[in-house]
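Structure first, commentary second.
The values are calculated or read from the model by the stated rules, or taken from the named source; none is laboratory data. All values reported here derive from a predicted model rather than from experimental measurement. Reconstructed Cβ throughout: ideal geometry from the backbone, glycine too, with neighbour counts over all protein chains shown.
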Amino acid sequence: MHTLEALRAGKLAGIQRLDLAADLTEFPAEIFDLADSLEVLNLSGNLLSELPPDLTRLHKLRILFCSDNRFTHVPEVLGQCANLEMIGFKANQLTHLSGKALPPKLRWLILTDNRLSQLPAEIGACGDLQKLMLSGNQLRELPEEMVGCARLELLRIAANRFERLPDCLLRLPRLAWLAYAGNPFSEAIEKEVMAEVSVDPIDWKSLDVQHTLGEGASGIIYRAHRTTEQGAHPVAVKVFKGAVTSDGLPSSEKSACLVAGAHPNLIPVQGRLHGHPAEALGMVMPLIDPSFINLAAPPSLASCTRDVYAPDMRFSFPQLLGIVRGIASAVAHLHAQGVMHGDLFAHNILWNEQGECLLGDFGAASFMPVHDETLRQRLQSIEVRAFGCLLEELSARCDRSNDVLKELQHRCLHADASARPSFDEIRRELASLIVE
């Protein structure tokens, strides 16, 4: 984090990224001194409500973060910033987004946790838009013009006020990662599905919580020992934070995990947490063998919707086949339970060198309609495209190519959703491959 004093003293000359959180109520004019180098400007965590009308002087600006401020509208000057690709206004007080605020090269727009009730029709002209984060607003519909967002791949509309899933979403040819839980129409589905689920409660007092294993947007995972009649054994305990995340609501994540049930390629759940001192939601899971590691890292600012793999990451054909067979089987199982994962990325997959894998992180999971088979199939085809992206990434890092996998990948990524295979078809084709 940089300081205002260093900026004013001219000590930051030539930097490409500026991170400044200093309870700012006004945009520091000294930032313009960095115009010839500045590409990433992070002003999150301040008290700002306006940006200067001449922001375009920052002619190299590509990325702007203004989360956790006091903006009530997205400044229209952003639409005039010729090179601006990524905009983040999470957790402000936004009630208005003007079409004039959308820059021509926009690829990634984050408006999570605000008060927006509508989007401008002009968003349909954002032909380069790949990632749109709208969870935690007051939206009831999306403009029909959004069908023009032909490159949109990831969309989060969870925790809004939709009474039905917008039809325009089903006509987006590249959509692969969708989250819509926590809306009136999906809450009704969730309630119906959860009525059929029975999961044992695990009392907080039976857990000896030790240290933190990790932390994500929705919660914190702890290592603990659980005491049962058979003795004490190690477990992992996830305690949800309770606030809306970029993906959706922690309560929906918990429901999806419980509905998912048991499968050899899913991280299992032993039970739901009961009696937490702060009444927090939580789950208890077995500890995963340390031989399992993350398949990749989440997308970077540059890669946008593509995971980041280690530069030297390579897979043998048996390893690749083990991973994709396992994931296809896990997702087919989820769909049979009425759950769409919504975040089928390599960074949510654990694997080991034997090609064994586990799919986790249900933060973006949604419930598919119980009685509308046509809509279920359309939603499943969106997840098929996500699988095609995963297959493409793994195949590019495999020590040998395979014509069957290439053809399968091509079909999964087809722009016409109706031409994509089902996960049952995918499983059959993968099962037919022989490891030599």
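Brief remarks on what is shown
- Restricting the range 396-413 to residues that are touching a Lys or Arg at 6+ places or on another chain (Cβ under 8 Å) and in contact (Cβ under 8 Å) with a residue 24 or more places away in the chain, the residue that is surrounded by the fewest Cβ atoms within 10 Å (Cβ to Cβ): D399
- Strands (runs of 3 or more DSSP E) enclosed by the range 172-248 - at least 1 residues per element that are in the same structural domain as S135 (by TED's automatic domain parsing): 177-179
- Of A260, A278, all but one fail to be aliphatic (A, V, I, L, M), outside the structural domain of A365 (by TED's automatic domain parsing), in contact with a helix residue (DSSP H, G or I) (Cβ under 9 Å, 6 or more places away or on another chain) and farther than 28 Å from F89 by Cα; the exception is A260.
- Residues in the range 94-139 that are within 16 Å of S246 (Cβ to Cβ) and of a type in the set (S, T, Y): 2 in all.
- Taken over the range 243-274, the residue count meeting the criterion of being farther than 17 Å from D200 by Cα and exposed (fewer than 15 other Cβ atoms within 10 Å of the Cβ) is 2.
- Filtered residue count, the range 150-186, keeping only those that are closer than 14 Å to L129 by Cβ and in contact with a Pro (Cβ under 7 Å, 6 or more places away or on another chain): 1
- Qualifying residue in the range 379-395 (condition: surrounded by fewer than 16 Cβ atoms within 10 Å (Cβ to Cβ) and without any contact (Cβ under 8 Å) to a residue 60 or more places away in the chain): no
- Screening L106 with (1) buried (at least 17 other Cβ atoms within 10 Å of the Cβ); (2) more than 30 Å from D416 (Cβ to Cβ) gives one miss only, at (2).
- Candidate set from the range 274-316 (those that are touching a strand residue (DSSP E or B) at 6+ places or on another chain (Cβ under 9 Å) and polar (S, T, N, Q)); member that is farthest from I220 (Cα to Cα): S316
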